[in-house]
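For reference, the structure discussed in these notes is given below.
Just so it is clear, none of the values below were taken in a lab; they were calculated from the coordinates. Source: prediction; values computed, not measured. With ideal geometry, Cβ positions are generated from the backbone for all residues, glycine too; neighbour counts draw on all protein chains shown.
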Amino acid sequence: MKTQALINFLCKNHAQTSTAAPIRTGTLTAVLVSSSIGLLIFLYGWQIVDDITAPPFVTGYALKATFGLATALLAMRAWPALLNSNLPSKAEAVRLALIGLPVALMLFGVFAVSQVTWGPALSWRNGIACVASILLISLPIWAVLIWQGRQGLPTRLRLTGFVGGLVASGFGVPIFALSCAETSPAYIAVWYGVAVVATGTLGAMSAPRLLRW
């Protein structure tokens, strides 16, 4: 068989065996199961705020949960393509770029409102505790995603780890937010944004060793 004909034959067979849909379904199942483990960790180590039905808390929680889940769902859209050895496509590049949209919108909203108080955002002790808590709660979700990644053929290991970290922290945010009484938009934009990026960065740093074939 001629070389070009062989290449075309292999490409055709590869296209017919796309695994994107099963991976996406498996990812959702894995995330939901591991999120329950994260919730158990949260219930063991943190307390739900007392005034959970107070309007300020409800508004703040809705903002945190929307930010976290939007980041997670956008990252999940890009996740299946990272678990195979295909070359990057334009559609994949768009999906990866959209992951940063929630953070960008959050920061834009904060800077666009002149009445925002930056005092709470400067409380670095509370902020670091927030970041560390989200990292810990997100850990079982990220571990399951790394396990799933090892079942695939990822070639861009740091990017895969980073996106996996974004998925994990995105689902970890609404869990931790149940114990966070801080409702300042500036605080949420700064420290929840840092938590998501930090989780992704740690994922990118450790993924090459954990995902290597």
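Structure above, values below:
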| item | result |
| --- | --- |
| Region 21-211: relative contact order as a whole-number percent, Cα under 8 Å and 6+ apart | 37 percent |
| Estimated vicinal HN-Hα couplings, Hz - region 44-59 in sequence order (Karplus 6.51, -1.76, 1.60; Gly, Pro = x) | 7, x, 10, 10, 6, 4, 5, 8, 5, 9, 5, x, x, 5, 4, 5 |
| Leu73-Trp46 pseudo-label distance in nm [points 7 Å out on the Cα-to-Cβ vector] | 2.1 nm |
| Karplus-derived 3J(HN,Hα), 6.51/-1.76/1.60, for each residue of region 126-142, Hz, glycine and proline x | 5, x, 5, 4, 4, 4, 5, 5, 5, 4, 5, 5, 7, 4, x, 5, 5 |
| Karplus 3J(HN,Hα) series, Hz, for region 162-175 with 6.51 cos²θ - 1.76 cosθ + 1.60 (x for Gly, Pro) | 5, 5, x, x, 5, 4, 4, 5, x, 7, x, 4, x, 6 |
| Exposure proxy ranking, count of Cβ atoms within 10 Å, fewest first, for Tyr192, Tyr61, Tyr187, Tyr44 | Tyr44, Tyr61, Tyr187, Tyr192 |
| Spin-label pair Trp147/Thr66, simplified geometry with 7 Å Cα→Cβ offset, distance in nm | 3.4 nm |
| Footprinting exposure proxy for Phe162, Phe108, Phe171 (fewest neighbouring C-beta atoms within 10 Å first) | Phe108, Phe162, Phe171 |
| In nm, spacing of pseudo-spin labels at Asn126 and Arg209 (7 Å Cα→C-beta vector) | 3.5 nm |
